[in-house]
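These notes are about the structure you will find just below.
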Amino acid sequence: MTMNTFDVTIIVGSTSDMHVAEKAKEVFEAERITYDLQVISAHREPERLEEYLRNSSCKVIIAIAGLAAALPGIIASKTEIPVIGVPVSSKLNGLDALLSIAQMPPGMPVATVGIDNGKNAALLAIRILKLLT
């Protein structure tokens with residue numbers, strides 16, 4: 001696999017979460033921020049996720065997930081790149097995903113934005129990018 005060079009990577013755990021990713025994409029396109037959008041399930045495709053992360057040179061990752069929302073934490077456990085978790089509303093109106101992302105164990109830092117708030121995730125990613133330049 002070749003090196004992926006983008007400012008931000010957006011990873012959704014399922015195509016059903018794509019509506020949240022669209023909000024982030026709109027911000028990045030308006031601000032001319034390079035991004036890559038991937039659908040990779042941490043549960044069903046762990047090897048593919050590891051390979052993608054190993055070959056990525058992005059500066060920030062946005063991980064969008066619902067239900068148990070393991071994706072952001074798994075990504076944070078495999079990279080030093082800042083991770084922004086976006087909980088998706090599904091069961092329990094997204095509260096389950098919000099709590100899963102916000103309550104990462106020690107050593108697994110994940111920034112968390114509001115439920116379905118892909119726009120705020122993109123805006124936070126842009127702020128992080130500004131600090132890195």
Q: Note down all Cβ pairs under 7 Å where the first residue falls in the stretch 92-106 and is over 11 Å from A68 (Cα atoms), the second is modelled with pLDDT of 95 or more, and they're at least six residues apart or on different chains.
A: A102/T112; M104/G73; M104/A76; M104/V110
Q: Could you name every one of the helices (runs of 4 or more DSSP H) located completely within the stretch 1-100 that has at least 3 residues being of a type in the set (D, E) and under 19 Å from A122 (Cα atoms)?
A: 18-31
Q: Can you give me the number of residues within the stretch 107-133 that are without any contact (Cβ under 8 Å) to a residue 60 or more places away in the chain and either part of a helix (DSSP H, G or I) or over 15 Å from the mean Cα position of the chain (by Cα) (or both)?
A: 7
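A quick yes/no check of all residues on (1) in contact with a helix residue (DSSP H, G or I) (Cβ under 9 Å, 6 or more places away or on another chain); (2) among the aromatic types (F, W, Y); (3) within 20 Å of T5 (Cα to Cα):
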{"site": "H19", "(1), (2), (3)": "yes, no, no"}
{"site": "E26", "(1), (2), (3)": "yes, no, yes"}
{"site": "I33", "(1), (2), (3)": "yes, no, yes"}
{"site": "I62", "(1), (2), (3)": "yes, no, yes"}
{"site": "A76", "(1), (2), (3)": "no, no, yes"}
{"site": "E80", "(1), (2), (3)": "no, no, yes"}
{"site": "K91", "(1), (2), (3)": "yes, no, no"}
{"site": "T112", "(1), (2), (3)": "yes, no, no"}
(Q) I'm told N55 meets every condition in (1) farther than 22 Å from G107 by Cα; (2) at pLDDT 95 or above; (3) of a type in the set (S, T, N, Q) except one. Can you identify the failing condition by its number? (A) (2)
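The values are calculated or read from the model by the stated rules, or taken from the named source; none is laboratory data. Worth saying up front: this structure is predicted, and the values here are computed from it rather than measured. Note that we place each Cβ from the backbone using ideal geometry, even for glycine, and neighbour counts take in every protein chain shown.
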